[in-house]
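Asker: There's a structure below that I have some questions on.
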Amino acid sequence: MPDSDLSFKAAFRRHDVQIASIVVIMVVLFSAISPGFLSASNVVSLLENYSVMAIMASGLLVVLISGGIDISFAAIAAVSQYLVATLLVHYGGNWLVAFGLAALFGALLGVVNALLIYYLKALSVIVTISTMTFYFAVLMFVTDGKSIYDLPDWFTADLSLFGIPFPVVVAAVVLFVTVFFLSRLSIGRQIYGLGGNPEAAKRVGCNLLGLQCFVYGYSGFTAGIAGLVQAHRVEEVVPNALIGRELDVLAAVVLGGASLLGGIGTVSGTILGILLLAIVLNGLTLLGVSSYSFGFVTGLIILLSVSATAYAAKRQQKRNVRHAH
Amino acid sequence: MPTEAATSTSSTPSSRPSFIDWFGRDPTVTMLGVLIVLAVIFFGAMAPSRFFSGETLRAMGFQMPELGILALAMMIPLMSGGLNLAIIATANLSALVMAAIITKMIGPASPPQDVAGVIALALAAGFVASLVVGLITGMIVAFLGVHPILVTLGTMTAVKGIAVYATNGGVIGGFPPAILFLGNGILLGVPVPMVLFVLCAIVVAVIMSHAPFGVAVRLIGSNEKATRYSGVATDWMLVGVYVASSLLCWVAAVVMMARFNSARAGYAESYLLITILAAVLGGIDPNGGFGKVLGLFLSLILLQIISTGFNLLGFSPHVTEAIWGVTMILAIAIALMRDRLMARLWLGKTSK
């Protein structure tokens, strides 16, 4: 952090602290108004509803930190979900096989993004829009838009660990893995370096091609797993079910403080971003507000959050200038 | 435009234009021209009788304008170094406002002068709706300095949210013939939407290349700070960028609601990312600063030929989309190879 004084005021200038306080206020508010809000069943269903988003968000977060963007992950999730489901229906299998295949397909499609971005020296947003269009169009063409309903019983059966639903467990593991390599492994620090200043990262000796393959591969990997978990939750595979999620997930990650310019972003922030959206929408549901208003509320939260962040940054800049004089 | 360029260079005294000069002048236009010719030859060979028919041409003339006008709305922010993800949402909201006024205030027994008045009122209301969205977006981008992707992600969600909330996701439809004419009529043998699109394209082209606003937008796209320090009111120019983009969405809204004879919060959402594809394929630099309406126009023609051609050959629309994605990647690859080749050729030329 730029400020060295550890006062309360300084701490409050941190984005994650602000979001966390808003989340806490929301929780207090909603639990005061609606007693059902903090009930175990509501909390569990809330976490379960947003587990798929959290899994995708961890992959997108890593890409954003590296200074890129991935628009294709929802399409990748849809493709690998369909491929895995088809294989499972035809040849049978178990959870290990399912996860292995989903992760493999997802990572492969993600690495294709990385190779195109690296070798064509193209903007990641343009490349991933193109591959998103391509992956999804091919999926719709090959499958003719047909859904898969006859998933194996073991696949759709409810699972839980110590009472925690399976999707939440998977999301927790993915988030933990992301935290681990971002903050504890050399490759994580290299990803922050790449996002902060690509030229500097190159001169320090980072393998840019390798890093990009890892970053986009990881985004594809999480997308594959998210697709699998989503199929398990809804007990069917609909080819176009996940399409259109990419901008929702991007909104959540950005709410969590990740910068589109790269080099900035944390898993804890991302979790808070998702929680904020989840809690507000869940609270409104409990208050009996029509779900048709959710889009407007979500948009307003995004606008307020990004505006407040930018305003704070401007003031901080002015403050720094004043200190310098 | 290409003829102008050709005459101006042939009159320069320095040297006769060589092949390299010609190829290097507007590489995007050249590349798109070649790709269009190839596409026409391919589809012409596969289905000559149906591809070269007036009917096919007319169908293309009806389909292209929607995407075309929206792509223009995407182009202006792209050239300023930004992006407007809210174009589809803005167009749908504007269309819903107009549709609500028209369907509420015009009955089957309304006299013609009332109908004309209501239509004018509806068009004005749609215009104002688009204007307000553009102003809000532009002001947040310009005065708070928030990244346009984030702002327009927010406005997209909020604007679509308003439209969904107001209509409960439903459809508003059933318009008088005067409105339907704007989407389905034919003027001197040309589809009316095409006329509207070409008009918009000409206006945007003239503004972007000749008006002070257009020059300022391109400068901002190249280097915002330098533009501001050279005395351009960059913040108000940026507001103008998003207002102009939103107003083009209003035109798109008129064409869309007239063609579908209805309006809904979720129409045409798949176009959003395709407009970026079309613009970048047309040589608009996604980093800002460079691009021509002519390039965008050619890229739209190419995409439309691919779409219509595969449709005639009996393929599903998804094949078209897949080919569009590949075309984009291919165009990036061709541009990269061309730049390398050009660099080598120029090096060879200067070392002599």
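Asker: Would segment A:304-318 turn up any residue that is buried (at least 22 other Cβ atoms within 10 Å of the Cβ), under 29 Å from residue A:138 (Cβ atoms) and within 14 Å of another protein chain (Cβ to nearest Cβ)?
Answerer: Scanning segment A:304-318 turns up no residue that is buried (at least 22 other Cβ atoms within 10 Å of the Cβ), under 29 Å from residue A:138 (Cβ atoms) and within 14 Å of another protein chain (Cβ to nearest Cβ).
Asker: Here is a follow-up. Of the numbered conditions (1) buried (at least 20 other Cβ atoms within 10 Å of the Cβ); (2) in contact with a Gly (Cβ under 6 Å, 6 or more places away or on another chain); (3) charged (D, E, K, R), residue B:264 fails exactly one; give the number of that condition.
Answerer: That leaves (2) as the condition not met.
Asker: Which residues, taken from segment B:95-146, are over 22 Å from the mean Cα position of the chain (by Cα) and polar (S, T, N, Q)?
Answerer: Hits for segment B:95-146 are B:103, B:110, B:113.
Asker: Something else now. Determine, yes or no, whether residue B:159 is over 30 Å from residue B:105 (Cα atoms) and surrounded by 19 or more Cβ atoms within 10 Å (Cβ to Cβ).
Answerer: Against the criterion (over 30 Å from residue B:105 (Cα atoms) and surrounded by 19 or more Cβ atoms within 10 Å (Cβ to Cβ)), residue B:159 does not qualify.
Asker: Kindly indicate the residue of segment A:116-126 that is within 11 Å of another protein chain (Cβ to nearest Cβ) and touching a residue at least 12 places away in the same chain (Cβ under 8 Å) and also nearest to residue A:207 (Cα to Cα) among those meeting that condition.
Answerer: Applying the filter and picking the extreme gives A:117.
Asker: Within segment A:53-97, track down each residue that is in contact with a Pro (Cβ under 9 Å, 6 or more places away or on another chain), surrounded by fewer than 24 Cβ atoms within 10 Å (Cβ to Cβ) and of a type in the set (Val, Ile, Thr).
Answerer: Across segment A:53-97, the qualifying residue is only A:89.
Asker: Something else now. For segment B:44-61, check the following and say yes or no: at least one residue is within 18 Å of the chain's Cα centre (by Cα), under 25 Å from residue B:133 (Cα atoms) and not aromatic (Phe, Trp, Tyr).
Answerer: no
Asker: Looking at residue A:274 and the list (1) of a type in the set (A, V, I, L, M); (2) in a helix (DSSP H, G or I); (3) within 12 Å of another protein chain (Cβ to nearest Cβ); (4) buried (at least 20 other Cβ atoms within 10 Å of the Cβ), which single condition is not satisfied?
Answerer: Exception for residue A:274: condition (3).
Table: residues versus (1) modelled with pLDDT of 80 or more; (2) touching a strand residue (DSSP E or B) at 6+ places or on another chain (Cβ under 6 Å); (3) within 11 Å of chain A (Cβ to nearest Cβ); (4) surrounded by fewer than 21 Cβ atoms within 10 Å (Cβ to Cβ).
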{"position": "B:270", "(1), (2), (3), (4)": "no, no, yes, yes"}
{"position": "B:285", "(1), (2), (3), (4)": "yes, no, yes, yes"}
{"position": "B:292", "(1), (2), (3), (4)": "yes, no, no, yes"}
{"position": "B:300", "(1), (2), (3), (4)": "yes, no, no, no"}
{"position": "B:317", "(1), (2), (3), (4)": "yes, no, yes, yes"}
{"position": "B:326", "(1), (2), (3), (4)": "yes, no, yes, yes"}
{"position": "B:335", "(1), (2), (3), (4)": "no, no, yes, yes"}
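Asker: A follow-up question, please. Mind checking which residues of segment A:35-68 are at pLDDT below 90 and within 22 Å of residue A:183 (Cβ to Cβ)?
Answerer: A:67, A:68
Asker: Name the one entry in B:252, B:226, B:268 that is in contact (Cβ under 8 Å) with a residue 12 or more places away in the chain, assigned to a helix (DSSP H, G or I) and either of a type in the set (A, V, I, L, M, F, W, C) or touching a Ser or Thr at 6+ places or on another chain (Cβ under 7 Å) (or both).
Answerer: After applying the criteria, what remains is B:252.
Asker: Now for a different question. Exactly one condition in (1) part of a helix (DSSP H, G or I); (2) out of contact with any Ser or Thr (no Cβ under 7 Å at 6 or more places or on another chain); (3) within 13 Å of chain B (Cβ to nearest Cβ) is false for residue A:113; which is it?
Answerer: (2)
Asker: Mind counting the residues in segment B:155-176 that are at the interface with chain A (Cβ under 8 Å from one of its Cβ atoms) and not basic (Lys, Arg)?
Answerer: Total satisfying the criteria: 11.
Asker: Looking at segment A:155-168, is at least one residue within 22 Å of the chain's Cα centre (by Cα) and not in a helix (DSSP H, G or I)?
Answerer: The answer is yes; a qualifying residue exists.
Asker: Which residues, taken from segment B:301-345, are outside any helix (DSSP H, G or I) and either free of Cβ contacts under 8 Å to residues at least 12 places away in the same chain or in contact with a Gly (Cβ under 7 Å, 6 or more places away or on another chain) (or both)?
Answerer: B:314, B:315, B:316
Asker: Just the residues that are within 20 Å of residue A:53 (Cα to Cα) and β-branched (Val, Ile, Thr), please, taken from segment A:266-305.
Answerer: A:266, A:267, A:270, A:271, A:274, A:279, A:280, A:285, A:297, A:298, A:301, A:302
Asker: Hey, among the residues in segment A:203-255 that are part of a loop (DSSP other than H, G, I, E, B) and among the small types (Gly, Ala, Ser), which one's farthest from the other protein chains (Cβ to nearest Cβ)?
Answerer: A:205
Asker: Out of (1) more than 8 Å from every other protein chain (Cβ to nearest Cβ); (2) under 11 Å from the mean Cα position of the chain (by Cα); (3) buried (at least 22 other Cβ atoms within 10 Å of the Cβ), the odd one out for residue B:281 is which?
Answerer: (2)
Asker: Hey, can you tell me all the residues within segment B:181-204 that are modelled with pLDDT of 85 or more and either over 30 Å from residue B:295 (Cβ atoms) or not aliphatic (A, V, I, L, M) (or both)?
Answerer: Scanning segment B:181-204 gives B:191, B:193, B:197, B:200.
Asker: Quick test for you: out of A:157, A:171, pick the one residue that is of a type in the set (Gly, Ala, Ser), over 30 Å from residue B:315 (Cβ atoms), away from chain B (no Cβ under 14 Å) and surrounded by 15 or more Cβ atoms within 10 Å (Cβ to Cβ).
Answerer: The match here is A:171.
Asker: Within 15 Å of the chain's Cα centre (by Cα), of a type in the set (S, T, N, Q) and farther than 16 Å from residue B:77 by Cα: which single residue out of B:262, B:230, B:270, B:246 fits that description?
Answerer: So the residue among B:262, B:230, B:270, B:246 that is within 15 Å of the chain's Cα centre (by Cα), of a type in the set (S, T, N, Q) and farther than 16 Å from residue B:77 by Cα is B:270.
Asker: Output the residue which, of all residues in segment A:142-157 that are of a type in the set (A, V, I, L, M, F, W, C) and without any contact (Cβ under 8 Å) to a residue 60 or more places away in the chain, is farthest from residue A:78 (Cα to Cα).
Answerer: A:157
Asker: While we're here: Report the residue count in segment B:135-154 for those that are facing another protein chain (nearest Cβ under 7 Å) and either under 13 Å from residue B:235 (Cα atoms) or surrounded by 22 or more Cβ atoms within 10 Å (Cβ to Cβ) (or both).
Answerer: Of the residues in segment B:135-154, 8 are facing another protein chain (nearest Cβ under 7 Å) and either under 13 Å from residue B:235 (Cα atoms) or surrounded by 22 or more Cβ atoms within 10 Å (Cβ to Cβ) (or both).
Asker: For the list (1) within 28 Å of residue A:179 (Cβ to Cβ); (2) modelled with pLDDT of 90 or more; (3) aromatic (Phe, Trp, Tyr), I need the number of the one condition that residue A:95 fails.
Answerer: Tallying (1) within 28 Å of residue A:179 (Cβ to Cβ); (2) modelled with pLDDT of 90 or more; (3) aromatic (Phe, Trp, Tyr), residue A:95 fails exactly one: (2).
Asker: Let me ask something additional. Select from segment A:282-293 the residues that are more than 7 Å from chain B (Cβ to nearest Cβ) and assigned to a helix (DSSP H, G or I) and list them in ascending order.
Answerer: Across segment A:282-293, the qualifying residues are A:282, A:283, A:284, A:285, A:286, A:291.
Asker: A follow-up question, please. Identify the single condition in (1) at pLDDT 90 or above; (2) of a type outside the set (Lys, Arg); (3) crowded, with 17+ Cβ neighbours inside 10 Å that residue B:131 does not satisfy, given that it satisfies every other one.
Answerer: It fails just one condition, (3).
Asker: Report, ordered by the first and then the second residue, all pairs with beta carbons closer than 6 Å, sequence separation of six or more or different chains, a first member in segment A:127-141 that is at the interface with chain B (Cβ under 7 Å from one of its Cβ atoms) and crowded, with 24+ Cβ neighbours inside 10 Å, and a second member that is in a helix (DSSP H, G or I) and basic (Lys, Arg).
Answerer: Within 6 Å, no pair qualifies.
The values are calculated or read from the model by the stated rules, or taken from the named source; none is laboratory data. Here the structure is a predicted model, which is why all the values come from computation and not from measurement. Glycine also receives a Cβ, built like all others from the backbone with ideal geometry; neighbour counts cover every protein chain displayed.
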